[in-house]
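Read the structure below first, then the notes.
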Amino acid sequence: MNVAHELLAKKYAKAFINLFSDHISDEVADRIYTLSRYLVEHRRALFYVQLTKLDGDATKKNFDDLFMRFGVDHIFSPLIDMLLEAKRIFLIPRIMYYIYHLYLEKRNSMFFTIESSVPLTDDELSVLRTFLENKTGKNILYHVKLNPDLIAGVKMYSNTRYFEQSIRNYVRTLSTTL
């Protein structure tokens, strides 16, 4: 997606949060995140729906059904209508992504992905979470991923922050200073 589309998606998300953030619970926010990931993973299906010769009502029904399956239909109908009318429904995966992250921001929370080359214990995750909370001043939510490319360390990132402590990063740093 190009920069102009990213900015546009973020503007739609900000407007949505300004209007509907009081109607979003933590549970609904989690569903929004899941739907966002689903839309990214199934981008071809979304692209197909955009290109079909379905009339506007049939396309809207398809999107309404999808949002209903994820349990977030009650607040997204006006957004879907607006995006379909403006022929910008292709922005929906990024809009959903930004809605989730703006919701967290409003709740003084932040979502991180924590990558490690080996499975982390609960104690290790607790230390990492405390580190992130101290660095950001926010409540931290996270998802853990195994990354065999990391050598003895961790990588933690959000949509705005990045921390890496690994041998791979150390070697990369050394190679740029030589």
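The values are calculated or read from the model by the stated rules, or taken from the named source; none is laboratory data. The structure displayed is predicted, hence computed values, not measured ones. Using ideal geometry, Cβ is built from the backbone for each residue, glycine included, and neighbour counts are taken over all protein chains shown.
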Residues located in the stretch 145-158, provided they are within 18 Å of the chain's Cα centre (by Cα) and surrounded by 15 or more Cβ atoms within 10 Å (Cβ to Cβ): LYS155, MET156, SER158
Within the stretch 81-101, residues among the aliphatic types (A, V, I, L, M) and either more than 16 Å from the chain's Cα centre (by Cα) or outside the structural domain of ARG43 (by TED's automatic domain parsing) (or both) come out as MET82, LEU83, LEU84, ALA86, ILE89
Condition test on MET96, is it in a helix (DSSP H, G or I), modelled with pLDDT of 85 or more, hydrophobic (A, V, I, L, M, F, W, C) and in contact with a Ser or Thr (Cβ under 8 Å, 6 or more places away or on another chain)? yes
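Yes/no matrix, rows are residues, columns are (1) outside the structural domain of ASN159 (by TED's automatic domain parsing); (2) within 18 Å of ASN159 (Cα to Cα); (3) modelled with pLDDT under 90:
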| site | (1), (2), (3) |
| --- | --- |
| LEU8 | yes, yes, no |
| HIS23 | yes, no, yes |
| ASP26 | yes, no, yes |
| VAL40 | yes, yes, yes |
| LEU51 | yes, no, yes |
| LYS61 | yes, no, yes |
| ASP65 | yes, no, yes |
Just a yes or no: is a residue in the stretch 122-139 in contact with a strand residue (DSSP E or B) (Cβ under 7 Å, 6 or more places away or on another chain) and exposed (fewer than 12 other Cβ atoms within 10 Å of the Cβ)? no
Select from the stretch 21-34 the residues that are closer than 15 Å to LEU104 by Cβ and either part of a helix (DSSP H, G or I) or among the hydrophobic types (A, V, I, L, M, F, W, C) (or both) and list them in ascending order. SER21, ILE24, ASP26, GLU27, VAL28, ALA29, ASP30, ARG31, ILE32, TYR33, THR34
Can you run down the residue pairs with Cβ atoms below 7 Å, 6 or more apart or on separate chains, where the first is in the stretch 1-12 and closer than 18 Å to THR160 by Cβ and the partner is among the hydrophobic types (A, V, I, L, M, F, W, C)? ALA9/LEU91; ALA9/ILE95
Could you please find all residues in the stretch 107-148 being outside any helix (DSSP H, G or I), small (Gly, Ala, Ser) and over 19 Å from TYR97 (Cβ atoms)? SER116, SER117, GLY137
